[in-house]
Structure formats: structure tokens, C-alpha cells
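This report refers to the structure that appears directly beneath it.
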Amino acid sequence: MPSPIPQPGLLGRRSECQTLDRYLEAVRGGESRALVVRGEPGVGKTALLQYAIDAASGMRVVRAVGVESEMELAFAGLQQLCAPMLDRLERLPGPQRDALATAFGLRTGDTPDRFFVGLAALGLLSEVAADQPLLCVVDDAQWLDRASAQALGLVARRLVAESVALVLAARVGGDERELAGLPELVVEGLRDADARALLGSVIRGPLDDRVRDRIVAETRGNPLALLELPRGLTPAELAGGFGLPHAPPLAGRYREAIARLTRTRARAWLARAHLAYGEWLRRQRRRLDAREELRIAHDMLAAMGAAGFAERASRELIATGETARKVTVETRSGLTAQETQIARLARDGLSNPEIGARLFISPRTVEYHLHKVFGKLDISSRTELGGALPGEPKAPSPV
Ligand SMILES: Nc1ncnc2c1ncn2[C@@H]1O[C@H](COP(=O)(O)OP(=O)(O)OP(=O)(O)O)[C@@H](O)[C@H]1O
Ligand SMILES: [Mg+2]
């Protein structure tokens, strides 16, 4: 029998969820904890982070996601994490405040010392957690920029009794020395019974026992592989009609739908500085000034393909009262940066809630954008996205 389901849609993972529960409980009780959730691609790290978020009742949650195309942008990840807390910046001692503000482009100055930025981030998290226990969730930490990884590593090692939980997910084999030595929760494939149950949930027709066992064995219980692999097989193959199928390459599995920065590093920095300044202005309630900065940031970021940051600028702009229509900038394909990002994730098989969780927007917003994508590409279903989307991003170019 499959293990009890600790949350809707999550099979097995009882002990992993218990570990996370214990961590959260300790943090609610005034302690601090850091944890790296480590595993191969598709094994279910993000799903476990989501479990932690759902289980974090009574806690404030802040998040960041490492983005491969933004790895060269120093402090990009840390800025994502800290952005919602910057209203507390003023409470930090002057040098820490200045270090963070400079790192995030809120003020000009020499590039601050990374050690100092780490301490300042720790100060900011502690300050916020003094009001309410804090859960910091960082997904795809293998793609954090070095500066952010260093700062977060330093934070993780110095957490003591601030009521802060720092939970990071990273792929195995990631080269983040900065996180070395932190407690790890190693995530393996699902147990056989759970793997079979997951497989059964995506196969409508009959499934031959031998084919099923073969898929479970070949995927080693990797949930993403279990969900993807049957797509490459016909109903007849699944029913065992043609003997045992060859496992098709787990196509597109680890494909990363990431826009590439094409301009110089200086330009990327400049765009981020506009974004950071705009965010700060909005929090100072200077909406008109904020709009101006955010518009520049959005257009620059969208043009250079930094979809994640462009989306953030767009959300900030909307929060200043700007309408969504004005903030979309279309690329040559006719899709906005955000539409392209959503369309690629949908093509890669993610559901609307999964896309929403990844991009921090609601499933309804995802649906709305997909609807527009279908219209622009003149298609009527997700399955047609593969053929209709304009060229894949090329290998990352240095920024
Ligand atoms: N325990 C589970 N039960 C059911 N489905 C699961 C489980 N774990 C993961 N999944 C599903 O498997 C897919 C891959 O999981 P997830 O995105 O969490 O993997 P990941 O380890 O974060 O991968 P990546 O390294 O690519 O980020 C998702 O569709 C997720 O919903
Ligand atoms: Mg993930």
C-alpha cells in the first residue's frame, strides 16, 4: 500500500515531512534552523518546500528562487528574499543598512564586503523574526549567484535563536561550496508502492504489470520521471502489446526554460538598480517616482530576457496602480517575456498551479496568460505548444 499522503498530491515522504515539521516547530518555539533539501532533478524538492510553506502556519514566509540566467548578478537571490522586508532596513545599524542598500542598488557606493552583507542580511531576518517566526525558502539554490549563496551560507551558520528557518533546495552535484556543511535532508526516489501509485495516477488505460515495474525501476522512483515517461509511450505499449518498450530519453525533463541575458553585465546591473530603486520608492509611497523607475527597469529586463526580474518589475508596477496592459512589452515572437516563460513551463508539462507556484502568481493568472498565448500562437491546446513556441533559448552567454 502507498504510504499515507501527508498533503494533497504528495505521495509518501512521511519522514521528510516529519523532519520539516520538527524544524518548523523548533523555530516557532524560538530556535533557528537551516536545512538544505538535496536531491536529483525532479525528485520532489520543490514539492517538499511547498509542504514546508503550507505547514508554516503562524509564520511569515519569504521566498527566493535561483535562476540560472541570473547567476552572474551579484546579490540577485538575496535581494529577492529580502525585498519584502526592506521596510525594516532603517532599523539596522548604519553600516549594515548601508551594506545591504548598496548591495541591492538602493544607494551608490563601493561594492560592499560580502561578509558584511551576510551579517546585515542576518540582522534583517532577525529584526523581522522578532515580530513573527520567519520561514525563508530558497528554491533552486544551485543557481544562486555566488554572492547570495555566500551571504545565505553565512546566515545559515550563524542562526541561533532568532526564530528563523532557512530552508534551501538544491540539486545534487551543485557546486555551491557556500552551503557546504549545513544540515541536509537528502531526498531519494519514491518507494515502490508510492511510485506505482503516482504512475497509476497519470495513466488512463490499462498498464501491463511488467511495463509498470520496468518504469518504476528505470525511473528509480523519481516523481518527475514517473510523470513524464509514460507520455512517450502509446496506450498499446503501456498495455504491454508490443513487449517491453525502450525507455525513451526522459525528453525535456531537465530542460530549463530560462531567458538569456544578452547584454553586458553593466546593463543588467543598471536594470536591477532601477528595479531596486523603484521598489524602494514604492515602499516610501512615492508612487509616481516609483512608476518611472519600474517602467525603465521592466523594459530593460524584458528586453534582455531576464523574465523573472521583468515579472517582478511588472508586479511592482501594477502595485503602483499601473495597469497590466501598459506594462507588457512584447518580444519578437509576439509574446511578452512573462507569456514566454509561462508557455515554456506549460510545454514542459507543468500544471497551472505548479507554474503559479514557480512564478509566484495565481493559477488563474497563469490561465489568463496561457489563454492569450494560445490566441497569439493560433493554437488551442497545451500539447501544441511544443511545435508553436519560438526557438529555445541558447546556451547561457556570459553577462
Ligand atoms: N511525493 C510526491 N508525490 C506526488 N508527486 C510528486 C511528489 N514529489 C514530487 N512530485 C511531482 O513531481 C514533479 C517534480 O517534483 P519537483 O518539481 O518538486 O522536483 P524538484 O526536485 O524540485 O525538481 P528540480 O530539481 O527540477 O527543481 C512535480 O510535478 C511534483 O508535483
Ligand atoms: Mg524544483
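Could you tell me the relative contact order of region 192-238? Use alpha-carbon pairs under 8 Å, at least six residues apart, and round to a whole percent. Kindly include the intermediate steps, with their values, before the conclusion.
Values: 31 pairs, mean separation 23.0, N = 47.
Value for region 192-238: 49 percent.
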_I want to make sure I understand the PRE zone here: with the label point 7 angstrom from the Cα of residue 68 toward its beta carbon, which residues in region 137-173 have backbone N atoms less than 18 Å away?_
139-146, 169-173
*Computed label-point distance, nm, for sites residue 367 and residue 380 using a 7 Å Cα→Cβ extension*: 1.9
*By how many nm would the segment from residue 184 to residue 108 grow when fully extended, if each residue of separation counts as 0.36 nm and the alpha-carbon distance is taken off?*
23.6 nm
*Give me the distance in nm between label points sitting 7 Å out from Cα along the Cα-to-Cβ direction at residue 210 and residue 130, one decimal.*
6.9
*asked:* Over region 330-388, what is the relative contact order in percent, taking alpha-carbon pairs closer than 8 angstrom and at least six residues apart?
replied: 34
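What number comes out for the charge environment of residue 183, summing +1 per Lys or Arg and -1 per Asp or Glu over other residues with Cβ under 12 Å away? Mind dumping the intermediate values first?
Working: positive: 22, 33, 38, 157; negative: 184.
Within the 12 Å Cβ shell, the charges total +3.
Can you compute the charge dipole magnitude of region 116-241 about its Cα centre, using +1 on each Lys and Arg Cβ and -1 on each Asp and Glu Cβ, nothing else charged? Give it in debye, rounded to the nearest 20. Before the final figure, lay out the partial values.
Working: 13 positive and 19 negative charges, 51 e Å.
Roughly 240 debye for region 116-241.
Over region 1-124, what relative contact order in percent results from Cα pairs under 8 Å that are six or more residues apart? If you can, show how the numbers build up before the last one.
Details: 88 pairs, mean separation 18.0, N = 124.
Reported as a whole number, the value is 15 percent.
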_Please compute the length gained on full extension between residue 287 and residue 158, using 0.36 nm multiplied by the number of residues separating them and subtracting their Cα-Cα distance._
42.7 nm
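Bear in mind that the values in this text are calculations on the coordinates, not laboratory data. Just so it is clear, the structure is predicted and the values come from calculations on it, not from any experiment. Don't worry about glycine lacking a Cβ; one is built from the backbone with ideal geometry, like all the others, and counts go over all protein chains shown.
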